[in-house]
Amino acid sequence: MKLGFSDIKALAEQGHSDAQYDVGVIYEEGKSASQNYTKAVEWYTKAAEQGHSDAQYKLGIMYRLGQGVDQNYTKALEWYTKAAEQGNSKATEWFKRMEKLSKENTARDQFIQAEAYKEGRDGIPDYTKAFEWYAKAAENGRADAQYNLGIMYEKGQGIDQDMTKAVEWYTKAAEQRNRNAQYNLGIVYEKGQGVDQDMTKAVVWYTKAAKNGHIDAQETLFCKYEEGNPIVIENSYQVYHVFLETARRGYNRAIKWLISLAQHRNISAQLTLAGMYERGQGVVQDYTKAFEWYTKAAENGNADAGIKLADMYKDGIGVTQDYTKAFEWYSKPDHVDMYPAQYNLGLMYEKGLGVAQDMVKAKEWQAKAAANEIPF
């Protein structure tokens with residue numbers, strides 16, 4: 001049987017810690033009683049003093065936020081600590097979050113200090129001090145500090161040159177998605193600096209950097225593809241998708257790369273460019289160019305492009321409206337098993353668009369469309 005507020009409060013007044021905690025929750029949330037933070041604190045305190053860890057955690061929150069009591073961080077920490085010492089998962093998680101935040105703030109301040117020394121007074125850098133502070137921030141997990149530490153090891157700035165150490169720090173930063181570090185790893189693996197030369201790994205890191213928007217990495221991959229680099233060609237599927245993503249975000253070099261592929265009769269690139277121009281995704285919307293690329297892809301045998309081409313002829317988008325051409329493309333052998341073609345052929349026979357009106361054939365195509373389990 002579910003107890004009402006008066007029953008719970010009666011138990012709380014008898015000293016039951018769980019009931020005292022429940023009364024605190026009711027007053028805090030304003031359920032079954034008017035919201036009253038002061039009374040919530042009062043009942044949480046009664047339960048907390050009996051060792052109720054959830055009440056201790058709640059008191060930590062209320063002292064931290066100043067709800068029902070004067071804000072007091074010392075008291076808040078005291079109650080969080082009591083709760084955590086009893087294994088309260090919420091209090092334990094709060095300490096973990098605070099530790100992570102403290103570490104991040106420390107790393108940020110250390111990085112700022114390093115940048116100041118690197119810039120130097122009156123333009124004269126102090127690489128030794130910069131290295132010292134980058135190292136501290138890097139040890140605290142800051143990716144851009146790890147990248148800069150790699151740079152300093154590579155160039156011998158503030159420390160003896162050590163390419164092995166440089167690679168170590170580039171790797172730590174790269175694993176945190178620092179695109180500059182990813183690009184530099186591509187270079188060192190390509191040249192065999194501090195590591196065994198490995199073009200496959202170089203392409204992997206160039207690809208990661210390019211995917212993260214690193215222009216030089218995109219340029220490198222593009223050039224190596226144009227040169228016919230066998231590793232890039234072998235990984236062309238992944239490389240293509242990297243440039244597809246970056247092109248859709250409007251990176252000019254990636255768009256040029258897609259155009260180059262499309263001009264070399266790459267059907268996926270042709271279809272991708274057509275869609276980008278149709279939607280204005282990464283490029284200025286241009287239905288005429290969309291029509292041109294759909295045409296090339298369709299002529300190379302892509303059925304989806306053929307259907308899009310038929311749609312554009314039917315609706316007069318990117319080309320002069322031409323029902324006859326639309327009918328021709330919908331009627332292609334590779335298209336007639338597709339729902340859009342069946343639907344539109346039924347419509348065109350019914351209304352006599354691009355073909356003589358024929359209600360019998362209209363119903364035939366409508367039946368085929370309906371059989372594809374898409375409502376006609």
I'd like the Kirkwood hydrodynamic radius of segment 5-87, using the inverse of the mean 1/r over distinct C-alpha pairs, in Å. 12.3 Å
At 222 nm, what value in deg cm²/dmol follows for the chain if DSSP H runs of at least 4 each add -39500 (n - 2.57) and the sum is divided by all its residues, to the nearest 500? -23000 deg cm²/dmol
If I model a spin label at Glu13 and Asp322 as a point 7 Å from the Cα along the Cα→Cβ vector, what separation in nanometres do I get? 9.1 nm
Using the 10 angstrom Cβ neighbour count as an exposure proxy, how do His214, His335, His264 rank, fewest first? His264, His335, His214
Mind checking which of Val41, Leu353, Gln157 is farthest towards the positive end of the chain's charge dipole, using Cβ charges of +1 (Lys, Arg) and -1 (Asp, Glu) about the Cα centre? Leu353
Relative contact order for the chain: what percent, with Cα pairs under 8 Å and sequence separation of 6 or more? 5 percent
Any chance you could check the Cα centroid distance between segment 86-120 and segment 257-287 for me, in angstrom? 45 Å
Test of the criteria: in segment 164-202, which trypsin sites (Lys or Arg not before Pro) are in a DSSP loop and have at most 15 other Cβ atoms within 10 angstrom of their Cβ? Arg177
Lys and Arg at +1, Asp and Glu at -1: neighbours of Gln270 with Cβ under 14 Å from its Cβ sum to 0
If I build a Gaussian network model for the chain, linking alpha-carbon pairs within less than 10 angstrom, which residue out of Gly141, Gly66, Gly213 has the largest mean-square fluctuation? Gly66
By the scheme Lys and Arg +1, Asp and Glu -1, what is the net charge of all other residues having a beta-carbon under 14 Å from that of Leu309? -3
Along Cα→Cβ, 7 Å out, is where each label goes; now give me the distance between the ones at Leu65 and Asp286 in nm to one decimal. 5.5 nm
Residue of Ala40, Ala174, Ala217 that the Gaussian network model of the chain assigns the largest fluctuation, springs spanning Cα pairs under 10 Å: Ala40
Just round it to a whole percent: the fraction of Cα-Cα distances in segment 27-175 exceeding 28 Å. 46 percent
Using every alpha carbon pair in the chain, what percent of pairs falls into each 10 Å bin from 0 up to the bin containing the largest distance? 5, 15, 14, 12, 13, 15, 16, 9, 1, 0
Within the set Asp334, Asp109, Asp54, GNM on the chain using Cα springs under 10 Å gives the largest fluctuation to Asp54
How many angstrom lie between the C-alpha centres of segment 322-376 and segment 206-225? 45 Å
Net charge near Met62: determine it from the other residues with C-beta under 12 Å of the C-beta of Met62, scoring Lys and Arg +1 and Asp and Glu -1. +1
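All of the numbers you see were taken from the coordinates with simple rules; none came from a lab. What you see is a predicted model; the values in this text were computed from it and never measured. Glycine gets a Cβ as well: all are built from the backbone with ideal geometry, and neighbour counts include every protein chain shown.
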